[in-house]
Amino acid sequence: METATKEKMDISKLSAEELQAELKRREETEKKQRLKARNDFNKDKEDFTLHAASKFKSLQKELAELKEYTIREANKLYERMYLINDKEPKETKSFSLKNEADNIKVTVDRQEKFEFTEEATVHIGAIKDIFKEKFEDRNKGMYKIMDNLLVKGSKKEYDPKLLAKARQAVRELGDDKLMAEFDKLEDCQRVVGTSLYCRLYVRDDKQKWQDVSLQFSSL
């Protein structure tokens, strides 16, 4: 009440000394309000980030446990499927298990990780030169589009993975020299490890399988 009264006072009636004291009081009040607003903001930001980190870490742990459980139990069931039929379980890179109603499906994939040897740069360079010689003079615009499609990253280097995907299309060109370089590039791949993945699908109202994604981007 005292503050409100002072805020409404007629400062034209104040002496120079009283006016100076009033202005100082108001300045201090504004400082306290700004400080309180900043402190409140910092506290809310701290609470938010700590809560978000806790939730993310908790969910990350749950997802890791879910992945481990799903793959472990799915593999057990896959082996039992053979054993109850007196068969030796076969090694496979991918398999699926469905419920009796045929509306839930769990898929387990084992994918190999590849990398290219140092020699791959030799064949990539040769492929780039052949592309340029074969297509640049015919249609520079189309060559530029094709060239950009095979380039990845800020260094503007040909991406070996994209080149490998283009291998089938190159075969249809009927250029033996170009195909030979792609074959050599294929030989430069080596397996450096494997990764296990699991996915769950459910049928929608149209009886189509829909991936129950756990990725933020799909939510």
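Checking each residue in segment 63-97 for being among the basic types (Lys, Arg) and assigned to a helix (DSSP H, G or I) picks out 67, 72, 76, 80.
Selection of segment 160-189 for residues being out of contact with any Phe, Trp or Tyr (no Cβ under 7 Å at 6 or more places or on another chain), modelled with pLDDT of 75 or more and either under 22 Å from residue 110 (Cα atoms) or polar (S, T, N, Q) (or both) yields 186, 187.
Among the residues of segment 113-134, those identified as of a type in the set (Lys, Arg) and exposed (fewer than 15 other Cβ atoms within 10 Å of the Cβ) are 113, 132, 134.
Could you tell me which residue of segment 165-215 is surrounded by the fewest Cβ atoms within 10 Å (Cβ to Cβ), considering only residues that are among the charged types (D, E, K, R), closer than 30 Å to residue 97 by Cα and touching a residue at least 12 places away in the same chain (Cβ under 8 Å)? Of everything passing the filter in segment 165-215, 211 is surrounded by the fewest Cβ atoms within 10 Å (Cβ to Cβ). Hey, among the residues in segment 97-112 that are out of contact with any helix residue (DSSP H, G or I) (no Cβ under 9 Å at 6 or more places or on another chain), at pLDDT 85 or above and not acidic (Asp, Glu), which one's surrounded by the most Cβ atoms within 10 Å (Cβ to Cβ)? The extreme case among them is 105.
Filtering 77, 149 for residues that are on the phi < 0 side of the Ramachandran plot, modelled with pLDDT of 90 or more and loosely packed, with under 15 Cβ neighbours inside 10 Å leaves a single hit, 77.
The values are calculated or read from the model by the stated rules, or taken from the named source; none is laboratory data. Predicted, not measured: the structure shown is a model, and the values here were computed from it. Neighbour counts run over all protein chains shown; Cβ positions are idealised from the backbone, glycine included.
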